[in-house]
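Visitor: The structure follows.
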Amino acid sequence: MAMLQVEIAARSEVGGRSRNEDDLRHGVSGPFCYAVLADGAGGHRGGNVASDMVVRMTALGLQSATQATPEYLTQLVCDTHAAINEQQQGKRSAERMHATLVALWIDTRREEALWTHVGDSRLYMLRHGRVCHVTRDDSVVQRMVDAGYLTPEEAVGHPHKNQLLSAMGTEGPVEPSTLETHMPIEDGDAFLLCSDGWWDLFSKRAIEAAFAAADSAEDWLDRMGEAIRAAARPKQDNYSAVAVWIGDPSETTRMSGLWDDDTLAGGAGKSP
């Protein structure tokens, strides 16, 4: 049976911080591909411990999946959350470590994908060079935008934009946002999983423009990473991303004729 070809690239940079508390992992297991990314915070040992645990445990569950379902992904996230909490029994809230999570699973034979997330690390899906789906942040500011109290533009600089409503390792149960059914994928699709230190600088248009100019998953991340470095924010957060290309998205985008003259310039600093 023919399978879709998949190319995966990843980046994780410390930015202007003293250490990198982001973590990520990706891999291939037969016809299945997966990518996992986490952004850690808190705890006396640091968020890097939380993000490492989240990524390792989630990746292990995806590696062993012979046919992932929405229920399987949701249970995997809940089990990972419970394991982190078990190690934090008796700790006060201020001492607890936690992390975001975004995970993607692809079946190249059935040509379908599933994903799940907790927190404000995101997954973008592109088709024909356009962003056709973005996960919804589990954050106070996102809820304010959804309710109409803030515009997306106002949300960018809001002082509470990093306040999460859900995260891995926090007290109580977690409710992951898992895709309800498998998403059909096709040659030319692409995915971007990224922490808030990455997506905070880019509008959808800027992500699309960088994608249109790139000739590989690696090049796509290189172009976006260079834009982050060029912005030279003094307190730049850790920034990490995984790019997943299905087939040759660059060829599909060129054939569409949508992006012949686009560049990345002007996209930074806009709301997603």
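Visitor: Scan Thr252, Thr263 and give me the residue that is of a type outside the set (D, E, K, R), modelled with pLDDT under 90 and in a helix (DSSP H, G or I).
Guide: The unique qualifying residue is Thr252.
Visitor: What number of residues within the range 53-75 satisfy the criterion of being within 16 Å of Glu180 (Cβ to Cβ), part of a helix (DSSP H, G or I) and in contact (Cβ under 8 Å) with a residue 40 or more places away in the chain?
Guide: Residues meeting the conditions: 3.
Visitor: Taking into account only those residues within the range 21-54 that are surrounded by fewer than 24 Cβ atoms within 10 Å (Cβ to Cβ) and in contact with an Asp or Glu (Cβ under 7 Å, 6 or more places away or on another chain), which is nearest to Arg109 (Cα to Cα)?
Guide: Pro31
Visitor: A further question on this structure: Quickly run through the range 165-192 and pick out the residues that are under 13 Å from Trp105 (Cα atoms), touching a helix residue (DSSP H, G or I) at 6+ places or on another chain (Cβ under 9 Å) and outside any strand (DSSP E or B).
Guide: Leu179, Thr181, His182
Visitor: Further question on the same structure: For the range 30-52, what are the residues that are outside any helix (DSSP H, G or I) and touching a His at 6+ places or on another chain (Cβ under 8 Å)?
Guide: Result: Cys33, Tyr34, Ala35, Val36, Gly40, Ala41, Gly42, Gly43.
Visitor: Can I ask one more? Report yes if some residue within the range 129-142 is farther than 22 Å from Ala241 by Cβ and over 17 Å from the mean Cα position of the chain (by Cα); otherwise report no.
Guide: Looking for residues that are farther than 22 Å from Ala241 by Cβ and over 17 Å from the mean Cα position of the chain (by Cα), one finds at least one in the range 129-142, hence yes.
Visitor: Select from the range 105-130 the residues that are small (Gly, Ala, Ser) and not in a loop (DSSP other than H, G, I, E, B) and list them in ascending order.
Guide: Ala113
The values are calculated or read from the model by the stated rules, or taken from the named source; none is laboratory data. Keep in mind that what you see is a predicted model, and the values were worked out from it rather than measured. Glycine also receives a Cβ, built like all others from the backbone with ideal geometry; neighbour counts cover every protein chain displayed.
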